[in-house]
Amino acid sequence: MPALKRIRRCGLSSALVSALLATVSLHAEVRVLKNFTLIDGTGRPPVPQAAMVIDNGRITWIGPVSQLKAPAGAETTDLTGKFVMPGIIDLHVHLGATIDLTQDAKNQTPENFEKNLKKYASYGVTTVLSMGTDPDLVFRIRDEQHAGRPSEARVYTAGQGFVFKNGYGGLVGVNQPVATVAEIEPAVAAQAAKKVDFIKLWMDDELGTMPKMPYEMSAAIIASAKKHGLRTLAHIFYLADAKKLTEQGIAGFVHSVRDQPVDQALIDAMKKHGVWQEAATLSREESMYAYGITPSFINDPFFVRGVSPEVIRLLSSPDRQKTISSAPHYGQYPKFAAMAKQNFKKLVDAGVKYGMGTDTGPPGRFAGYGDHWELSAMVDAGLTPMQVIVAATRSGAEFLSAKDLGTLEKSKWADLVVLDANPLDNIRNTRAINSVYIAGKPVQ
Ligand SMILES: [Zn+2]
C-alpha cells in the first residue's frame with residue numbers, strides 16, 4: 001500500500017490516515033443486483049432478466065444480465081423472481097408532528113423526524129416533499145442528507161407555508177399567519193433565506209367556516225416567490241380558486257378540486273401555464289370518512305407493522321368512531337373523495353402534468369401505508385399501474401428538479417424498491433416489499 005506509506009512519511013496523524021482509508025473503502029463499495037425484472041420509472045415496458053451495478057450509491061451500469069460485467073469484489077445479490085422499481089416520491093407530506101393520533105408542533109423533535117423518515121423509507125418511499133409545516137430543524141436534516149448518503153427518506157421542504165390570519169391551514173406553533181399584503185415580501189424573503197425548496201399557501205375556507213385568503217395576498221405571495229426564484233404551491237378545494245391561482249402563476253395544486261367538476265377552461269389554463277396537479281391526495285379524501293367505522297385494514301400486517309398498539313386501539317374504539325361519524329360534514333366526504341378522483345382522471349386524460357402525493361403525517365394519514373393506499377386509489381380513479389408508478393417516480397423527480405432521482409438509469413442514485421410480485425399486474429403488489437435501497441444501501 002504505497003499511498004499509505006507516503007502518507008505516513010508525511011507525518012500525518014493516524015486519525016487522518018484512517019479517515020482517508022475509510023474514504024477509499026467507501027469509494028470501493030460496489031454492489032451488483034441481478035436477475036430481476038426492471039420497471040425503470042420512465043414508462044418503458046418492463047425488462048426481464050435485468051442487472052445493475054451500483055458504485056458508491058449510484059447506478060454505473062444497468063442492462064440485460066447477459067451483458068453484465070460484474071466488477072471484481074462486488075457484493076452480488078441474486079433477485080431471481082423479484083421486481084425492481086425506483087423508490088417512491090411523495091410530493092405532499094407533513095413531517096414529525098404526529099405521535100399515535102395526536103398532532104402537535106411539540107412533537108417535532110429531531111428524533112421524531114428521524115423516526116418518521118425511516119418509516120417512509122421502510123415502506124419504499126425514498127423521497128418526500130414536506131408541505132409547509134416544518135420547523136427550522138428540517139433544513140439541517142436536508143443539508144446533512146445532501147452532503148452524504150442518507151439511510152432514510154430524502155427531504156425536500158416548503159418550510160413554513162402561508163396561512164391567512166384566522167384562516168385554514170398550517171400547524172399552530174410553526175406557521176405565523178399573515179393578515180396584510182405588506183407582511184408578505186419580508187416573510188417570503190425569510191423563507192428564501194432559509195433556502196426552502198418551494199413556497200406553500202393555503203387557500204380554503206373549510207366549507208365556509210373560516211375566512212379565506214384574499215386573492216391580492218395569494219398574488220403577492222406568488223409574485224414575491226418568483227422574485228426569489230421560487231415556485232409556489234397551493235392547497236385548494238374550490239374550482240374558482242384553482243382558476244384564479246392558475247392566472248396568478250401558481251406552480252401546482254397539492255390537492256384535487258373537490259367542490260365541482262373541473263371544466264375545460266381550467267384544463268386549458270393549467271396546460272397553457274404549465275401548472276401541475278402536483279398531488280391528488282385521493283387517500284386523504286378517503287381517510288376523511290374511513291375512521292367512522294373500524295377500517296378494513298386494521299388487521300393488515302402491512303398496516304400494523306407501521307403503527308403502535310395504541311393506534312390500533314384508538315381506531316377500534318366505538319366512542320372515537322362515533323365522534324368522527326357525527327362531525328358536521330362527515331356525510332359529505334365520500335362525495336368530495338369521488339369528485340377528487342373524477343377530476344384527477346379528467347386532468348390526467350387531458351394531458352395536465354401530475355405527481356403522486358398523499359398528505360400523510362396528520363392523524364389517521366399514515367406515513368408509508370398511506371402512500372400505497374394512494375397508489376391504489378389512483379388506479380381506482382382510472383389510471384393504469386404504469387401511469388401511477390411513473391407519477392410516483394419519474395414525474396415526482398421532474399417536479400422537484402431532482403435530476404439524480406426518479407428513474408433507474410445510469411448515473412442516478414440507486415434509490416429503489418425490490419418487490420416479490422409484479423406491480424403492473426396489480427398495483428397492490430407495491431406492498432409486497434422485499435427490500436428498499438437508498439443511495440445503494442439497503443434500509444430495510
Ligand atoms: Zn397537506
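The values are calculated or read from the model by the stated rules, or taken from the named source; none is laboratory data. Not measured: the values here are computed from a predicted model. Neighbour counts are summed over all protein chains in view; Cβ atoms, including those assigned to glycine, are modelled from backbone coordinates with ideal geometry.
Per-structure values
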read-out: Test: residue in segment 127-145 that is more than 13 Å from the ligand (Cβ to nearest atom), crowded, with 24+ Cβ neighbours inside 10 Å and part of a strand (DSSP E or B); value: yes
read-out: Single residue of segment 255-269 satisfying the filter (among the β-branched types (Val, Ile, Thr) and under 16 Å from Ala337 (Cβ atoms)) that is surrounded by the most Cβ atoms within 10 Å (Cβ to Cβ); value: Val257
read-out: Every residue from segment 246-265 that is more than 16 Å from the ligand (Cβ to nearest atom) and not charged (D, E, K, R); value: Thr246, Gln248, Gly249, Gln260, Pro261, Val262, Gln264, Ala265
read-out: Some residue of segment 390-400 being farther than 16 Å from Asn429 by Cα and among the aromatic types (Phe, Trp, Tyr); value: yes
read-out: Flag for Asp78 being closer than 30 Å to Thr157 by Cα and in contact with a strand residue (DSSP E or B) (Cβ under 8 Å, 6 or more places away or on another chain); value: no
read-out: Conditions (1) surrounded by 15 or more Cβ atoms within 10 Å (Cβ to Cβ); (2) outside any helix (DSSP H, G or I); (3) within 16 Å of the ligand (Cβ to nearest atom); number of the one not met by Glu206; value: (1)
read-out: Out of Ser296, Ser283, Ser224, Ser308, sole residue that is among the hydroxyl-bearing types (Ser, Thr, Tyr), within 28 Å of Thr98 (Cα to Cα) and surrounded by 14 or more Cβ atoms within 10 Å (Cβ to Cβ); value: Ser283
read-out: Failed condition for Met85, given (1) among the aliphatic types (A, V, I, L, M); (2) within 16 Å of the chain's Cα centre (by Cα); (3) within 16 Å of the ligand (Cβ to nearest atom); (4) not in a helix (DSSP H, G or I); value: (3)
read-out: Yes/no for Ala392 being away from the ligand (no atom under 16 Å from the Cβ), assigned to a helix (DSSP H, G or I) and out of contact with any Ser or Thr (no Cβ under 6 Å at 6 or more places or on another chain); value: yes
read-out: Near pairs, Cβ below 9 angstrom, 6+ apart or cross-chain, from segment 356-369 (within 9 Å of His92 (Cβ to Cβ)) to any residue that is more than 13 Å from the ligand (Cβ to nearest atom) and at pLDDT below 95; value: none
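Yes/no per residue for (1) out of contact with any strand residue (DSSP E or B) (no Cβ under 9 Å at 6 or more places or on another chain); (2) under 19 Å from Arg284 (Cα atoms); (3) among the hydrophobic types (A, V, I, L, M, F, W, C):
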site: Met217; (1), (2), (3): no, no, yes
site: Arg231; (1), (2), (3): no, no, no
site: Ile236; (1), (2), (3): no, yes, yes
site: Lys243; (1), (2), (3): yes, no, no
site: Ala265; (1), (2), (3): yes, no, yes
